[in-house]
Amino acid sequence: MKKKPNILFLFSDQHSVRAMGDCADTPVETPSLDRLAAGGMGFDNAYCQNPLCVPSRASLLTGKYCRTTGIYDNRHILPANGPTLARALGDAGYRTALVGKTHFNGEQFQGFQERPYGDLYGQAHQPDPARHANESGLGDILGDAGPSGIPLAMTQTEICVSEAAKWLQGHAGRPGDAPFFLAVHFDKPHFPINPPRRFFERFAGRVELQDYDPDWLSHAPAFVQKAAAASGTAHHRGDDAVNARALASYYGCVEWVDDAVGRLLDVIDYLGLFEDTIVIYASDHGEMAARRGLWQKTVFYEDSARVPLIIRWPGVAEAGCRTNALAGLIDLYPTLCAAAGITPPDGLEGCDLAPVITGGEAPDRDLFCESAVLKQPEYAGCMLRRGDWKYCLYLDGAEELYNLADDPDEWNDLSRAPGEAALKADLRAATEAFFRPEGFAARYAATPRMPFEKHFYPYSNQFITGNGVVFDARP
């Protein structure tokens, strides 16, 4: 029997697809991600299933859309003991571990057997800059941007690298031939956007902000306006100096993560695991990163909803290929089940990407993404991608329609174009059938949730046990 492949899953937080070395729009260089892509396949049309941390991660872990998990908010709690990717792989003989940020609410292992280093920002180790008290709890995201003063060894990114490297070396020295599934979840480039000084200084004074019509937001759907207001950054809109410094910091965080990825790829090579290990890089959602004057996520624009996705599968994926096939984070569960020779559980809503990776036909599919404005579920919506088209439907009936082949920056909304009326009606019907907008409020309200987002609690959310394991203590 062929040995099951090892799986190394590298997962960042809030990484814009524009902030990649192969994107001409930014000065960012990502040699480690370029190296990974050169040995595997890059997906140019990969999307999260919700452009918000907790819902996106729940969909990836369960292989189900938010309409099924009921998780739309960073306070929503994922039930314990349900089918998860980690549990499926563990039951199939994999040794499973997660290092870094999970952003699970409720039960903290969700099928992972080991968590050598825990959640959210490594508060048991790292004294992150205190957020200023305000109504949102977000602090001054852009105003606080700049080089970090935290000793490098105390940062979450560096601890993730060291703990993951230690775990891989330990696994290589264990008797037996059990395959591993190691997930390494970085908290960057999510705010606080404070990279080490050497990464910040690469971009300070070098970034260019996008030109845009400053009045565009007043004509946008109410959902977009509310999301912009809830981002914690609206008071800096139009302040070029603040936005440029924040963007330099953001790019620095991206290059820091890339540097971390490179070191873990080196560990895989050093241990002789290259041929036996699938390596995946992805992010839970994107980041507007000053495009249109917006920051953060939750909206359906490409910078927010589309994500980097690279899969290196030696001997299976042709090296250096790219695909335009639609893909979602929801697809990783069935794809990795196929790679491991596991029959996936019933109820998964993603697609196995193995046929695409092996050079076959892309599935003819509709791909969805759902979202609700933070703590304002009356403003919610659903996005549909089909071919070159993107359609968005909101609870108040507002719509957007874009042909991404002709209009990749999404400035030309065709939802009122007479020539697209038939197409729009078809896309609306498909979106309504999937999203069931009339039942959204009930789905949202029925999901148990925490009173606050857990990183806003006024005390450390982690403890260190006697054996040195760091775990998230807030259920």
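Each reported figure results from applying straightforward, stated rules to the coordinates on display, with no laboratory input. The structure presented is a predicted model; accordingly, all values stated were derived computationally and were not measured. Using ideal geometry, Cβ is built from the backbone for each residue, glycine included, and neighbour counts are taken over all protein chains shown.
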Review point. Sorted by mean Cβ packing within 10 Å, highest first, what order do the peptides 250-263, 32-45, 92-105, 228-241 take?
Key: 250-263, 92-105, 32-45, 228-241
Check your understanding: Residues with beta-carbon under 12 Å from that of Asn243, excluding Asn243: net charge, scoring Lys, Arg +1 and Asp, Glu -1?
Key -> +1
**Study point:** Phi-based couplings in Hz for the range 221-227 (Karplus 6.51, -1.76, 1.60; Gly and Pro marked x)
**Key:** x, 4, 4, 5, 4, 5, 4
Practice item. Give the residues of the range 232-249 whose amide nitrogen is closer than 16 Å to a point set 7 Å from the Cα of Asp409 in the direction of its Cβ. Key: none
Practice item. Tally the DSSP beta bridges in the chain and give the antiparallel ones as a percent, rounded to 5. Key: 50
Study note, to complete from the structure: Dividing the mean separation of Cα pairs under 8 Å (6+ apart) by the residue count of the chain yields a relative contact order in percent of 26
Review point. Whose amide H sits under 5 Å from the amide H of Asp396, counting only residues 5 or more places off or on another chain, with H placed in the peptide plane?
Key: Ala380
Practice item. Quick one: which residues, 5 or more positions from Gly39 or on another chain, have an amide H under 5 Å from its amide H? H modelled 1.01 Å from N in the peptide plane, none for Pro or chain starts. Key: Gly320
Point to revise | Diffusion coefficient, µm² s⁻¹, Stokes-Einstein with Kirkwood Rh over alpha-carbon pairs of the range 341-440 at 4 °C and 1.567 mPa s | key: 84
Check your understanding: Along the range 161-167, what does the Karplus equation 6.51 cos²θ - 1.76 cosθ + 1.60 (θ = phi - 60°) give for ³J(HN,Hα), rounded to whole Hz, x for Gly and Pro?
Key -> 5, 5, 5, 5, 4, 4, 5
Practice item. Find the centroid of the Cα atoms in the range 151-168 and in the range 18-76, then give the distance between the two in whole Å. Key: 22
Study note, to complete from the structure: With a Förster distance of 56 angstrom and the Cβ-Cβ distance between Ala362 and Gln225, calculated FRET efficiency to the nearest 0.05 equals 0.95
Review point. Once phi is turned into ³J(HN,Hα) by the Karplus curve 6.51 cos²θ - 1.76 cosθ + 1.60 with θ = phi - 60°, what whole-Hz value does each residue of the range 207-213 show in order, with x for glycine and proline?
Key: 8, 10, 7, 5, 7, 7, 6
Practice item. Determine, from the Cβ-Cβ distance of Ala178 and Ala38 and an R0 of 35 Å, the FRET efficiency 1/(1 + (r/R0)^6), rounded to the nearest 0.05. Key: 0.75
Exercise for review: Along Cα→Cβ, 7 Å out, is where each label goes; now give me the distance between the ones at Asp240 and Ala153 in nm to one decimal.
Suggested key: 4.3
Review point. Given only helices, namely DSSP H runs of n ≥ 4 each adding -39500 (n - 2.57), what is the per-residue ellipticity at 222 nm of the chain, to the nearest 500 deg cm²/dmol?
Key: -8000 deg cm²/dmol
Practice item. Mind listing the long-range amide H neighbours of Arg115? Cut-off is under 5 Å, sequence gap 5 or more, other chains count too, H placed in the peptide plane at 1.01 Å from N. Key: Leu98
